Structure formats: C-alpha cells, structure tokens
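Single-structure report; data block below.
No lab work stands behind these numbers, since they all come straight from the coordinates. Computed from a prediction, not measured in an experiment: that's the story for all the values here. FYI the Cβ positions are ideal-geometry reconstructions off the backbone, even for glycines, and counts take in every protein chain you see.
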Amino acid sequence: MVLQLVMAPNWCGCGVASANSTKISTNAFKMSSNRFSFSKPYPRRAYRVTAYYGLTTPPYELDALEPYMSKRTVEIHWGKHHNEHVEKLNKHLKTSAFYGHTLEEMVKATYNNGSPLVEFNDASLVWSHDFFWESMQPNGGSLPRGGVLDQIEKDFGTFTNFKDEFTFAALSLFGPGWVWLYLKKNGRKLAVAPTQNAISPLVWGDIPIIGLDMWEHAYYLDYKDDRSAYVNNFLDHLVSWHSVMVRMMRAEAFVNLGEPKIPVA
Amino acid sequence: MALRSVVSRKTLAPALRHYRSLTTFTLPDLPYDYGALEPAISGEIMRLHHQKHHQTYVTNYNKALEQLDAAVSKGDVRGVVQLQSALKFNGGGHVNHSIFWQNLKPVSEGGGEPPHGALGWAIDKDFGSLEALVKKINSEGAALQGSGWVWLALDNEQKILKVETTPNQDPLVTKGTSLVPLLGIDVWEHAYYLQYKNVRPDYLTNIWKVINWKYASEVYEKESA
C-alpha cells in the first residue's frame with residue numbers, strides 16, 4: 001500500500017467560493033482547494049491533503065506464476081477481489097476514526113480483541129493480500145537456505161515436518177481463511193497456524209512470515225476443489241524464500257532469535 | 001424433508017453387552033441432470049458441487065459420527081466436545097445442500113415460476129411483494145462476508161417469514177430453533193465461481209430463474225398447518 005504523491009491543484013475562478021469538486025482517485029495524494037471569497041484582489045488557496053490506500057502491484061508480471069497459479073486467477077484475485085477491498089477500505093476511511101493509522105495498526109485496532117469493527121474486514125484483507133503476493137515469486141518453492149533453513153529445522157525438526165504441518169493446517173480450515181508461518185514473540189520461535197476469514201497473526205501481535213490465501217477464489221479456477229494440490233504447489237513452486245529471509249531479518253529487530261554465529265578466525 | 005441423525009442403542013438383555021448401531025449417511029441423488037439448470041448454473045458447477053463438495057461433507061460427517069460414537073462409548077468428554085465443530089460443519093453441509101438441491105428445478109419442470117397460494121400471500125404480507133423479497137435476499141446474500149447461506153425462513157413461533165443468513169455451513173436452526181428453511185441459497189464461492197467469478201450479485205440475480213417455489217410452498221403449507 002504505497003501512498004503516491006500526485007500534485008493536482010484544483011481551483012477555478014477568482015474570488016468565488018466554489019464547491020469542492022472532490023474527485024477521489026485511489027492512487028494519489030489528493031490536493032483539494034477550499035476557495036474563500038474575500039475582497040483581496042488575488043486568490044489565496046488553502047490545501048487539505050487527504051491520502052488513501054492504493055492497490056499495490058505484485059512484484060512480478062500477472063502471468064509469472066504460471067502454471068501453478070494462472071494469469072486468469074491472478075488477474076481476478078488481484079484486480080477484482082483485492083481491488084474491491086482497497087476501494088471499500090478507502091470508502092470507510094472517508095469517515096473512519098482510524099484514518100491516518102498505518103495499515104498494520106489499523107488491523108490490530110479494528111480487530112478490537114475479537115469484536116471486529118466495520119473497517120477490520122477490508123483493512124485486514126488489503127494487508128493480507130499484499131503480504132500474499134509478496135509471499136510468492138516465479139520459480140519459488142524448493143528449499144530455503146542458510147539462516148532460514150536453520151531456523152525452520154530448529155523450530156519444526158525437519159523441513160518436511162514444517163511442510164506437513166503447514167499443509168495440515170491449510171486443509172483443516174472449515175470455511176474461508178488463511179494459513180500462516182509466523183514468528184511468535186513469546187517463545188521466539190516459528191509456528192504455523194490457520195485463521196478464519198480475514199484474521200491474521202497481526203491481530204494477536206505476532207509477526208507473519210508466510211501467508212497463503214485459502215479462500216476458494218484463490219484456487220478454484222485452477223484447482224477446483226483440490227485444495228491439497230494448491231497447497232503443495234504453493235510450497236513446492238511458489239513460496240518466496242527470499243521474502244521469508246527479508247521478513248525474518250526485519251523480525252529480528254523485534255525478536256531476539258539468539259546469538260549470531262560469528263566465525264572465529 | 002428434514003434429516004435426522006439417529007444414533008440408536010440396542011441393549012441386549014441383562015446389560016452385559018451394548019450393541020450400538022450407527023446410522024450413516026449417503027449422498028442423495030439430484031432430481032435432475034447436472035446440465036438441466038443451465039444457463040443459470042452451469043453443469044460443471046453442479047457436478048463438482050454435488051459429486052465433490054456435498055460428497056465430502058457426507059463422507060466427513062460419517063467419519064465424525066464414528067469418532068463421536070467411539071468417544072461417547074469411552075466416556076471421553078474432551079473428545080466429544082472437540083468433535084462438535086466437525087459435526088456442525090460437515091453435518092450442516094449435508095443438511096444445507098440436501099435442501100438446496102430441492103430448492104432448484106429446471107425451467108422445463110417449473111423452475112422459476114413464482115409462488116402461488118398460501119406462500120405467495122405470506123410473502124406479500126411480510127415483504128410487500130415477491131420483488132421486494134428477492135431484492136432483500138439478493139442484497140443480504142451479496143453482503144455476506146466470507147462463506148455462508150442466505151435463507152427464506154418460516155418462523156414457526158411468530159408465524160412470519162424471515163430472511164436470514166448463516167456463516168460457513170451453519171444450518172438455519174442455529175439462528176433460531178423455531179426457524180424452518182423454505183429456500184436456501186449457497187453463497188460459498190464454489191457455488192458460482194467457475195461461472196460468475198467474483199460477481200456474486202449476478203449469480204444471485206440469475207438463480208431465481210431455477211428456484212423451485214413449489215417445494216418451498218409445500219414445506220410452508222406443511223409447517224404452518
């Protein structure tokens with residue numbers, strides 16, 4: 001959700017109070033002018049800056065995940081579902097008290113400890129879908145390396161165990177949801193958990209590392225009802241261990257995962 | 001058309017051994033061909049919906065029943081409680097879809113024909129008109145976040161018709177014990193995605209062409225007698 005700055009002054013006439021022609025575009029800082037009428041000969045402009053969320057593009061072409069996730073699926077999943085949540089979120093933000101929060105703050109705050117407020121669904125799904133696209137890459141999957149593999153083996157025993165747990169959690173969902181690899185702050189280890197509907201580890205304060213969308217729209221066009229093929233292909237061919245590494249590195253600023261291994265000469 | 005799960009215990013005479021017979025469930029046949037509801041609902045969706053999704057609910061419900069039976073006979077309270085979500089999900093899925101297949105009918109066999117008689121009058125009384133009811137069901141179905149069902153229900157206590165939604169596979173009875181399902185529309189994505197993609201409102205608009213009001217009328221007249 002990058003906020004892009006676009007300068008678009010909007011004014012008309014001279015010394016005439018005009019109605020704000022507020023055209024909200026979903027991809028811009030919008031500069032709108034409030035015109036006052038007064039006796040001074042030159043116009044003065046006051047700008048009120050409003051900012052809304054934009055639809056972030058996945059970090060690859062829409063067909064780059066073929067054949068494991070078709071271009072058609074990505075086009076509809078990103079261009080329609082994800083986009084719809086962005087637009088609905090922006091609609092809420094016009095009147096919401098949470099305007100100005102970062103998306104992560106908003107997800108946690110609007111979850112409201114289990115009695116979610118009206119903004120939660122869209123805010124959380126915008127965040128989760130951004131996270132999801134970035135959890136994948138073309139030619140992904142196979143094995144992680146180095147510190148990531150070490151941490152997974154430390155917390156799951158073997159890499160295969162991790163894959164099994166992840167798959168089991170994904171298939172255990174009753175109804176729409178997500179499955180996450182996340183870092184537990186308490187316990188300082190990686191764990192896997194399924195969540196329902198729009199919930200993510202953000203709501204309970206942990207750090208997501210991988211997110212996989214298990215709503216039917218994420219896989220139905222490509223896999224019909226065969227969820228295990230979808231999850232296996234995600235793990236074997238799509239998951240971006242590069243993203244995982246970057247996210248783990250960032251997480252280490254918040255969670256102490258142990259002494260670094262400094263080689264001794 | 002109510003489905004009841006029966007776990008019957010047959011005790012053999014002087015209570016030395018208890019034989020428990022477990023009723024298991026099977027996938028009901030569709031009363032029409034998979035392609036008979038086209039173009040409102042594609043044959044591919046009907047086939048997957050019936051042969052894969054509904055069958056999975058039946059299979060997993062039977063499995064959960066067996067596990068429940070074992071837990072009950074062992075006196076494993078934790079086990080019994082843990083099985084409740086699987087029972088509700090899969091049992092609900094079986095109940096809901098069994099009703100759903102009856103709620104649909106090919107156009108050639110009367111699908112889409114508006115309700116007459118008692119149900120028609122009740123709809124006019126409680127919603128103003130059939131159009132108003134359809135509009136309400138469509139808007140509630142479209143607004144449902146996630147997966148679930150939208151129902152036209154008869155409240156047997158208050159003697160009025162209501163529109164309700166239930167999440168996931170929760171059967172209508174979870175919204176009120178006096179509620180009787182007359183019509184249920186599945187708004188899980190698997191019910192429409194292959195044909196309508198993300199445009200759930202189009203699916204809801206089109207499904208009325210194959211809705212079996214005759215079945216709804218029969219249930220209504222039976223329950224309000």
Notebook entry, point to check: Is it possible to state the helix-based mean residue ellipticity at 222 nm for the protein assembly as shown, with each DSSP H run of 4+ residues giving -39500 (n - 2.57), the sum divided by total residues, to the nearest 500 deg cm²/dmol? What is it?
Noted result: -11500 deg cm²/dmol
Notebook entry, point to check: Helix B:130-143 sits at what angle to the longest principal axis of chain B, using alpha carbons and giving 0 to 90 degrees rounded to 10?
Noted result: 60
Note to self: Angle check, please: helix B:117-127 long axis (alpha carbons) against the longest principal axis of chain B (alpha carbons), in degrees 0 to 90, nearest 10.
What the structure shows: 80
Margin query: Give the lysines reachable from B:Lys135 as a straight Cα distance under 25 Å; neighbours fewer than 8 places away on the same chain don't count.
Written below: A:Lys80, A:Lys88, A:Lys91, B:Lys105, B:Lys125, B:Lys159, B:Lys162, B:Lys175, B:Lys197, B:Lys209, B:Lys214
Item checked: Sequence of B:Ile45, A:Ile76 once ranked by neighbouring C-beta atoms within 10 Å, starting from the fewest -> A:Ile76, B:Ile45
Item checked: segment B:53-77 versus segment A:202-234: alpha-carbon centroid distance in Å -> 26
Check: Roughly how tilted is helix B:213-223, in degrees to the nearest 10 and between 0 and 90, from the longest Cα axis of chain B?
Finding: 50
Margin query: To make sure I understand, if each residue's beta carbon is the centre and we count other beta carbons within 10 Å, what order do B:Thr174, B:Thr23 fall in, fewest to most?
Written below: B:Thr23, B:Thr174
Next item on the list: Using a Förster distance of 41 angstrom, determine the FRET efficiency expected from the C-beta separation of A:Leu143 and B:Lys135, and round it to 0.05.
Entry: 0.15
Check: Distance from the Cα centre of segment A:126-184 to that of segment B:121-190, in angstrom?
Finding: 38
Check: Which number gives the lysine pairs in segment A:106-265 that have C-alpha atoms under 23 Å apart and are eight or more places apart or on different chains?
Finding: 15
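For a quick check: sort A:Lys91, A:Lys184, B:Lys222 by the number of other beta carbons within 10 angstrom, fewest at the front. Display every interim value, and only then the final one.
Numbers: A:Lys91 14, A:Lys184 17, B:Lys222 10.
Ordered from fewest to most neighbouring Cβ atoms within 10 Å, A:Lys91, A:Lys184, B:Lys222 come out as B:Lys222, A:Lys91, A:Lys184.
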Notebook entry, point to check: Taking H as built 1.01 Å from N, whose amide H comes closer than 5 Å to the amide H of A:Thr50, not counting residues under 5 places away?
Noted result: A:Lys30, A:Ser32
Next item on the list: May I ask for the net charge around A:His101, where only other residues with Cβ less than 12 Å from the Cβ of A:His101 are counted and Lys, Arg are +1 while Asp, Glu are -1?
Entry: -2
